[in-house]
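*Asks:* There's a structure below that I have some questions on.
The values are calculated or read from the model by the stated rules, or taken from the named source; none is laboratory data. The shown structure was predicted, so the numbers you read here are calculated from the model rather than taken from an experiment. All Cβ positions, even for glycine, are placed from backbone atoms using ideal geometry, and neighbour counts span all protein chains on display.
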Amino acid sequence: MRTITIAPKNAFRISVEAENISTDKFAPLTLSQINSLVVWQGNRQKTLSDLFTVEGDDAPATTEETTIKLIGDYSQVKRIGEGMTAGVVEVQGNVGMHAGNNMKGGLLSIAGNADDWLAREMRGGKVIVMGNAGNYLGGGYRGEKCGMRGGEIEVRGNAGAYLGEHLCGGSIRILGDAGDFPGAANQGGTIFIGGSTYLPGAEMSKGTITVKGEAKVLPSFLKTEIVQVDGLAFQKYTGDNVDNGKGELMVGVGSS
Amino acid sequence: MIIKGGIVYDPANGIYGDEMDLFIDKGRMVEAAKGEEIDARGLLVMPGGVDAHSHIAGKKVNTGRIMRPDDARIGTEPRTAVCRPSTGYTVPNCYAMGYRYARMGYTTAFEAATPILEARHTHEELEEIPIIDKGALTLFGNNWQVMECVRDKDLTKLAAYVAWGLRAAKGYGVKIVNPGGGEAWGFGGNVKSQNDIVPNFDVTPAEIIVGLAKANEMLNLPHSIHLHFNNLGKPGNYTTAIETLDLLKDLKPSRMRQVVHVAHMQFSAYGGTSWRDFESKAPAIADYFNCHNHATMDMGQLLFGSATTMTADAPLEYGNARLTHNKWSNHDIELEESSGVVPMVYNRKMLVNAVQWAIGLELALLVKDPWKVLMTTDHPNGSPFVNYPEVITLLMSKPKRDLEMATLHEQVPKRTTLAGMEREMDWTDIAIMTRAAPARVLGLEDKGHLGPGADGDVSIYDLRPEEVDTSLDHVLVKKALANAKYTIKGGVVVSKEGQILATPPGRTFWVDAAVPQADTDRLMVDLEEKFAKYYSIQIANYAVQDAYLPHAQIIRAGLPVLSEVA
């Protein structure tokens, strides 16, 4: 197992685009090669070692055997773990926008909070956030028809608005509350929300959304039966009927 | 500048792969010159590429950009010391258009459809496209004034309007898109054949086409009419294509060129009665072109992957949007046109797409005379223009076509004749289809060849025509065509091995056709009434001001020849 530890040299006032911080990029490189990987700060091109200290084993390893530990505050660092296929990226603080986007495998774990667009258009692998996540978690970026297509996301805290927008597969599990419009235009993914939310599943055509707490449901959903899941009662709806949707929406009853 | 020792293909001047030196002075080809020497020993040298049909500027291109932020993400390149940032793949930003054409060795591209009302926008974008020379064809096929002149059989007034419209739009030629259909779309309809009556105007598409073709020849315009057929993109539409072409076969051209250029023929060579029994009718179309000399076409080749369909054929785009459940933009251009934009993904496992792919290649391979077929993808309708090297290698290599065919829907060999085609094009064919023929079809005398006086536009590729086997080494050929070793534009090396070195502004060609003042006076009475009653802007604000074309190149046409004919 090869472990590489990265820490910012100072706090970033201007955000950093660091799509090169990923197990796939690091795995075949020695430490000095990693140090000279390109990152952008604002409109300036820099190397990783200009902004971060890099420590760890020097010898290259396979992607599966690569672990990256990120120490310190990364809330101004974007695109960490972009497109990674295997291995582990462990963030010990907060992480900036677009972390784990297009991820295809491996594990991205975040001990703090994640910003917007976490794991957008993800294809596989697993993302765990111990804190809260921002808006558009697992969504599709502007203009894209498909958001997340596979894999798993778990958020122990709350999530922002539009989580799982244009979801095409995979599963998202939020233990806290979710912001407005979770699962908008869902085309086949699964969403579980432990807390409450507002207007889930707008324009959904397929897939399942389960809300354990309270939810304001759109009038375009058809109310069907009450179902029991794991000893809890849920009101089941189908929709979204403005788009002839065949999605399932379940909202907890009796919890209020 | 001296280009030494290249293997030159300049079919317009009868040079087919001869080793020779080329000289450029003050931006033009000359017999002898001094200065910078470029070593092209043994390498493939051709005139700069000319794209006669591409959607590179104007409102619908910009609508595509606005609709497709997902596309803008693809192909982003940061600025360099010379270049501004690039974005996009099917709908790149203006700068990227110039850089990407130049990298492939292209130095000229024509925007294929601009309504007069939106020409100002087109020219603002054209001006921002660096390096390449440009022009824009002007839409006339659904214009109220055109249809009224045709209905009244007033050909001189029609010619006066075409001249006035080209001047107002700073346009280069007459583009006709689904004549009558765009007007009918204003009421949710379409025309189903060239003989349908256009609602409210009592004319047929056939009359509009013939009328505009006659006016085009009266005005002695450098380009012929540029026609997008009725029923485009529908199964069984090849009969419409052939019947429409037959209307024009007895017309006499006013210059040494075709009477009609057919845009993106691939989309109008369909057989069958529905998408279920959809099949290629490319052989029938190719036969027609082999037996007649009044028409030319461009391929409109479709390639698999992402595309953005954009056309003034708005009812077609409505169909596309319903078919794909994709985003759809629909636009009405007052008294002139309608238009639409729909993103598209062509899939090799989808039978219809695979047959469309084959039809474009069949057309190019079956028409015997390469001067009649231009290589295009109808950018970005069939595929973005950056994929031209793919199309060229498909035309040059049977093994490559076989490799592709093996990945397609298994019905393709039954629905098309492509599998049995042995023809492999050589560099002469390619130089004609991408250089000499587009320039001749457009009537650009100084483009597409390397004779003395021609523009100093030269492309040099890292390929040795005397050594490379274009049939077997198609991977190598494609790679070399994608990034020219040198692209020289007006005597300046603008691109070297894919790296942009200089970004001089390109010129914009437009045609100023003179007509008798009396005809214009009669026309203005009509136009003033239309502007007062219907247009959203005043006639005084309508025409594109000269300030929008700081690099204009005016081509004169019209009156002197007109009086000779009379």
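*Asks:* Looking at B:313, B:378, B:369, which is the one that is surrounded by fewer than 22 Cβ atoms within 10 Å (Cβ to Cβ), more than 14 Å from chain A (Cβ to nearest Cβ), touching a helix residue (DSSP H, G or I) at 6+ places or on another chain (Cβ under 9 Å) and among the charged types (D, E, K, R)?
*Replies:* Testing whether each residue is surrounded by fewer than 22 Cβ atoms within 10 Å (Cβ to Cβ), more than 14 Å from chain A (Cβ to nearest Cβ), touching a helix residue (DSSP H, G or I) at 6+ places or on another chain (Cβ under 9 Å) and among the charged types (D, E, K, R) leaves just B:369.
*Asks:* Within the bounds of segment B:245-254, is there any residue that is within 20 Å of residue B:191 (Cβ to Cβ) and either among the hydroxyl-bearing types (Ser, Thr, Tyr) or not in a helix (DSSP H, G or I) (or both)?
*Replies:* So far as segment B:245-254 goes, yes, one or more of its residues are within 20 Å of residue B:191 (Cβ to Cβ) and either among the hydroxyl-bearing types (Ser, Thr, Tyr) or not in a helix (DSSP H, G or I) (or both).
*Asks:* If you don't mind, another one. Is it the case that some residue within segment B:82-90 is within 14 Å of another protein chain (Cβ to nearest Cβ), part of a helix (DSSP H, G or I) and more than 30 Å from residue A:44 (Cβ to Cβ)?
*Replies:* No, there is no match, as no residue in segment B:82-90 is within 14 Å of another protein chain (Cβ to nearest Cβ), part of a helix (DSSP H, G or I) and more than 30 Å from residue A:44 (Cβ to Cβ).
*Asks:* Let me ask something additional. Going by the structure shown, is residue B:122 away from chain A (no Cβ under 14 Å), buried (at least 24 other Cβ atoms within 10 Å of the Cβ), part of a strand (DSSP E or B) and among the polar types (S, T, N, Q)?
*Replies:* Answer is no for this residue.
*Asks:* Would it be correct to say that residue B:33 is part of a loop (DSSP other than H, G, I, E, B), out of contact with any Pro (no Cβ under 8 Å at 6 or more places or on another chain), at pLDDT 95 or above and away from chain A (no Cβ under 14 Å)?
*Replies:* no
*Asks:* Sort through B:192, B:157, B:175, B:214 and tell me the only one that's outside any loop (DSSP other than H, G, I, E, B), charged (D, E, K, R), touching a residue at least 24 places away in the same chain (Cβ under 8 Å) and farther than 26 Å from residue B:52 by Cα.
*Replies:* Result of the check over B:192, B:157, B:175, B:214: B:157.
Yes/no matrix, rows are residues, columns are (1) touching a Leu at 6+ places or on another chain (Cβ under 8 Å); (2) at pLDDT below 95; (3) away from chain A (no Cβ under 14 Å); (4) part of a helix (DSSP H, G or I):
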{"site": "B:326", "(1), (2), (3), (4)": "no, yes, no, no"}
{"site": "B:342", "(1), (2), (3), (4)": "no, no, no, no"}
{"site": "B:355", "(1), (2), (3), (4)": "no, no, yes, yes"}
{"site": "B:360", "(1), (2), (3), (4)": "yes, no, yes, yes"}
{"site": "B:363", "(1), (2), (3), (4)": "no, no, yes, yes"}
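*Asks:* Same structure, new question: Name the single residue that is farthest from the other protein chains (Cβ to nearest Cβ) among those in segment B:52-73 being over 14 Å from residue B:307 (Cα atoms) and outside any helix (DSSP H, G or I).
*Replies:* Among those residues, the one meeting the criterion is B:52.
*Asks:* Please count how many residues of segment A:221-245 are assigned to a loop (DSSP other than H, G, I, E, B) and modelled with pLDDT of 95 or more.
*Replies:* Here the count works out to 1.
*Asks:* Does segment A:48-69 contain at least one residue that is out of contact with any strand residue (DSSP E or B) (no Cβ under 8 Å at 6 or more places or on another chain) and within 14 Å of chain B (Cβ to nearest Cβ)?
*Replies:* no
*Asks:* May I pose another question? Out of B:6, B:49, which single residue is over 30 Å from residue B:262 (Cα atoms), buried (at least 24 other Cβ atoms within 10 Å of the Cβ) and in contact (Cβ under 8 Å) with a residue 24 or more places away in the chain?
*Replies:* Just a single option satisfies the conditions, and that option is B:6.
*Asks:* Another question about this same structure. What single numbered condition from (1) assigned to a strand (DSSP E or B); (2) closer than 22 Å to residue B:58 by Cα fails to hold for residue B:378?
*Replies:* (1)
*Asks:* Does at least one position in segment A:98-116 carry a residue that is closer than 25 Å to residue A:43 by Cβ, assigned to a loop (DSSP other than H, G, I, E, B), in contact (Cβ under 8 Å) with a residue 12 or more places away in the chain and of a type in the set (D, E, K, R)?
*Replies:* yes
*Asks:* Name the one entry in A:53, A:30, A:5, A:47 that is in contact with a Pro (Cβ under 7 Å, 6 or more places away or on another chain) and over 30 Å from residue A:171 (Cβ atoms).
*Replies:* Sole residue among the options that is in contact with a Pro (Cβ under 7 Å, 6 or more places away or on another chain) and over 30 Å from residue A:171 (Cβ atoms): A:30.
*Asks:* Within segment A:22-39, identify whether any single residue is free of Cβ contacts under 8 Å to residues at least 24 places away in the same chain, surrounded by 17 or more Cβ atoms within 10 Å (Cβ to Cβ) and not hydrophobic (A, V, I, L, M, F, W, C), and answer yes or no.
*Replies:* Taking every residue of segment A:22-39 in turn, at least one turns out to be free of Cβ contacts under 8 Å to residues at least 24 places away in the same chain, surrounded by 17 or more Cβ atoms within 10 Å (Cβ to Cβ) and not hydrophobic (A, V, I, L, M, F, W, C).
*Asks:* Mind checking which residues of segment B:58-73 are surrounded by fewer than 18 Cβ atoms within 10 Å (Cβ to Cβ) and closer than 22 Å to residue B:111 by Cβ?
*Replies:* The one that is surrounded by fewer than 18 Cβ atoms within 10 Å (Cβ to Cβ) and closer than 22 Å to residue B:111 by Cβ: B:66.
*Asks:* Is it fair to say residue B:79 is within 14 Å of another protein chain (Cβ to nearest Cβ), assigned to a loop (DSSP other than H, G, I, E, B) and either surrounded by fewer than 24 Cβ atoms within 10 Å (Cβ to Cβ) or not β-branched (Val, Ile, Thr) (or both)?
*Replies:* Yes; evaluated as a whole, the condition is true for this residue.
*Asks:* I'm trying to understand the selection: among the residues of segment B:316-357, which are of a type in the set (D, E, K, R) and surrounded by fewer than 24 Cβ atoms within 10 Å (Cβ to Cβ)?
*Replies:* B:322, B:327, B:332, B:334, B:348, B:349
*Asks:* Quick one: what pairs do we get from segment A:129-150, first residue away from chain B (no Cβ under 12 Å) and more than 16 Å from residue A:79 (Cα to Cα), second in a strand (DSSP E or B) and β-branched (Val, Ile, Thr), C-beta under 9 Å, 6+ apart or different chains?
*Replies:* These pairs meet every condition: A:130/A:110; A:130/A:155; A:131/A:110; A:131/A:155; A:132/A:155.
*Asks:* I'd like the full set of residues that are more than 19 Å from the chain's Cα centre (by Cα) and not hydrophobic (A, V, I, L, M, F, W, C), limited to segment B:339-361.
*Replies:* Those that are more than 19 Å from the chain's Cα centre (by Cα) and not hydrophobic (A, V, I, L, M, F, W, C): B:343, B:346, B:347, B:348, B:349, B:353.
*Asks:* Do the conditions hold for residue A:154, that is, is it surrounded by fewer than 18 Cβ atoms within 10 Å (Cβ to Cβ), of a type outside the set (Val, Ile, Thr) and within 13 Å of the chain's Cα centre (by Cα)?
*Replies:* yes
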